[in-house]
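Here is the structure we will look at.
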Amino acid sequence: MRDTDSTAEPLTGPTSPRIGDAAPRYATYDPTDGEVCVAVANAVGETLGRDPARMEPLATAVDPDALASLVGSDRPNAVATTEVTFEYLDHEVTVSSDGVIELDPLAR
């Protein structure tokens with residue numbers, strides 16, 4: 001699932017997230033390029049300082065095809081913004097069809 005040419009933009013927010021007390025971090029992606037799952041994995045990897053190829057597969061948290069169909073380029077006539085939220089690697093991840101990924105650390 002690793003793509004070195006990901007469309008995810010650099011994250012904004014704290015530079016060293018602390019689980020439980022850190023503010024959410026944000027990344028952006030291009031919803032028309034069909035690479036939303038790559039963008040999510042890269043954003044989480046950047047947040048955790050880990051290589052996305054060595055992380056637990058995103059598919060353990062969310063169905064990649066369903067995610068892409070809900071927020072990706074498979075929505076040609078959509079008029080409303082859609083958001084999908086799921087837990088992945090101690091983060092609540094919200095992916096929006098307008099190209100925003102929010103990563104909110106979970107308190108464990």
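A few comments on the model shown:
- Checking GLU87 against (1) at pLDDT 95 or above; (2) closer than 18 Å to VAL38 by Cβ, the condition it does not meet: (2)
- Pick from segment 47-83, criterion of a type in the set (Val, Ile, Thr) and modelled with pLDDT of 95 or more, ranking: surrounded by the fewest Cβ atoms within 10 Å (Cβ to Cβ): THR60
The values are calculated or read from the model by the stated rules, or taken from the named source; none is laboratory data. As the structure is a prediction and not an experimental result, all values here were calculated from the model. Note: ideal-geometry Cβ built from the backbone for every residue, glycine included; neighbour counts use all protein chains shown.
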